[in-house]
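Step one of this worksheet: look at the structure below.
Values in this text are rule-based calculations from the coordinates and carry no lab data. What you see is a predicted model; the values in this text were computed from it and never measured. Methodologically, a virtual Cβ is constructed for each residue, glycine included, from the backbone with ideal geometry; neighbour enumeration extends over all protein chains shown.
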Amino acid sequence: MRHAVLAGGVGAARYLQGAVEAFDPADVAAIVNVADDVTLHGLRVCPDLDTCTYTLAGANDPQRGWGLLNESFHAMDSLGRYGGIDWFSLGDQDLGTHLYRTQRLAEGATLTEVTAEISAAWGIRAALLPVSDDPIETRVTLAGGEEVGFQEYFVRLAHAVEVSSVRFLGVEQARPTAAALAAIESAETLVIAPSNPLVSIQPVLCVPGVESAVRSRRSRNVAVSPIIGGRALKGPADRMMRELGEQATVVGIARRYQDLAATLVIDEADSEYTDEIEDLGMQVIAAPTIMSAPGIARALAETCHRAGQAGASR
Ligand code: GDP
Ligand code: CA
């Protein structure tokens, strides 16, 4: 495996789309967060895996950022009539994915196996690897003291509330899959995708054995900053970083990743921070990182890969 990526949702999916254009897709592997997975209506829903799947399939809705293009929501309307849980929208086509996954898990398939089946059905050749087949659940404590599930915070409350802490229930007992660990260990370059560092990348790293596997190959690891000009492009990453006492800038990202990656790719807009990040012991590359077009993602993947290869010879 040439190119492995620690992945959350949208930012990672856009990056992966560039990587499969830059390299043979069979040489690309994503190690994907499972801590925002949730069971709703008895169905197992894996938002980050599905975002990666639908994006690599070219079937995602780029406007919404989640779910499938040309989606309808008749099942949700029906659910609303009964007073069912309708704050987490599941499209009619998307529901087919969750029905299939839930059935296969009930039959005894692992999440890794089901994910491989789903991605094969979409014609995806890159490997989408859940970091663990065991359940991990992000729990968010709000400033008021109440603890809620991640999707309740993110979707029901529209992340418009202050957070005081985050924990990953079940992570100590979770085991990384053999495929995920092998991808991390064998990749020429390992990229930490521009995903939410606190709730997408952290729960991947917290699975026992993952962080040490990442650290031990630091010179060939490259992180891409999800923060540009002090802001997240979408979602609450910047606010969460501030609320949890970190600096919501590329320097805050560097502090988080300095022991994990030798190189940090920051957006051109943040090049003024280069010296400050280098003082933390990271090499800095300033490049266009807003992946608004596939060409930008492809160039970014090529830049990251070269940096990892250069790191190997240092
Ligand atoms: P999810 O889709 O909610 O699971 O979100 P992610 O875990 O992917 O994290 C969202 C983060 O990705 C935010 O901090 C965004 O700024 C970042 N992000 C999304 N798209 C891009 C992009 O094109 N470039 C960069 N640099 N960051 C991005
Ligand atoms: Ca997510």
Pick out which of 186, 292, 212 has the largest mean-square fluctuation in a Gaussian network model of the chain, springs linking Cα atoms closer than 10 Å. 292
For every other residue with a beta carbon closer than 10 angstrom to the beta carbon of residue 46, add +1 if it is Lys or Arg and -1 if Asp or Glu, then tell me the sum. -2
Take the Cβ-Cβ distance between residue 167 and residue 106 as r, set R0 to 41 Å, and report the resulting FRET efficiency rounded to the nearest 0.05. 0.90
Mind telling me which of 112, 189, 39 comes out most flexible in a GNM of the chain, alpha-carbon contacts under 10 Å? 39
For the stretch 87-227, just say rounded, prolate or oblate: build the C-alpha gyration tensor, square-root its eigenvalues into a ≥ b ≥ c, call rounded for a/c under 1.5, and beyond that prolate if a/b exceeds b/c, oblate if not. oblate
Under unit Cβ charges (Lys, Arg +1; Asp, Glu -1), what dipole magnitude, rounded to 20 debye, does the chain have relative to its Cα centre? 360 debye
How much net charge surrounds residue 163 when only the other residues with a Cβ under 13 Å from the Cβ of residue 163 are counted, with Lys and Arg +1 and Asp and Glu -1? -3
Estimated 222 nm signal from helices in the chain, with DSSP H stretches of n ≥ 4 weighted -39500 (n - 2.57), rounded to 500: -10500 deg cm²/dmol
What is the stretch 147-192 by shape, rounded, prolate or oblate, if you read a ≥ b ≥ c off the alpha carbon gyration tensor as root eigenvalues and call it rounded for a/c under 1.5, prolate for a/b larger than b/c, and oblate otherwise? prolate
If you add up the charges near residue 75, with Lys and Arg at +1 and Asp and Glu at -1, over every other residue whose beta carbon is less than 14 angstrom from its beta carbon, what do you get? -4
Please compute the length gained on full extension between residue 275 and residue 290, using 0.36 nm multiplied by the number of residues separating them and subtracting their Cα-Cα distance. 3.2 nm
Mean-square fluctuation maximum in Gaussian network of the chain, Cα pairs under 10 Å, restricted to 297, 127, 75, hits 75
Place a +1 charge on the Cβ of each Lys and Arg in the stretch 189-257 and a -1 charge on the Cβ of each Asp and Glu, then give the dipole magnitude about the Cα centre in debye, rounded to the nearest 20. 180 debye
Could you tell me which of rounded, prolate or oblate describes the stretch 155-293, using a ≥ b ≥ c as the square roots of the eigenvalues of the alpha-carbon gyration tensor, with rounded for a/c under 1.5 and, failing that, prolate when a/b is larger than b/c and oblate otherwise? oblate
For the stretch 241-306, take N as its residue count and report Rg(C-alpha) divided by 2.2 N^0.38 Å. 1.14
Convex hull over the alpha-carbon atoms of the stretch 1-160: what's its volume per residue in Å³? 124 Å³
So for the chain: antiparallel DSSP bridges make up what percent, rounded to the nearest 5? 40 percent
Explain nothing, just the number: relative contact order of the chain, from Cα pairs under 8 Å at least 6 residues apart, as a whole percent. 21 percent
Using the Kirkwood radius over Cα pairs, work out the Stokes-Einstein diffusion coefficient for the chain at 37 °C and 0.692 mPa s, in µm²/s as a whole number. 168 µm²/s
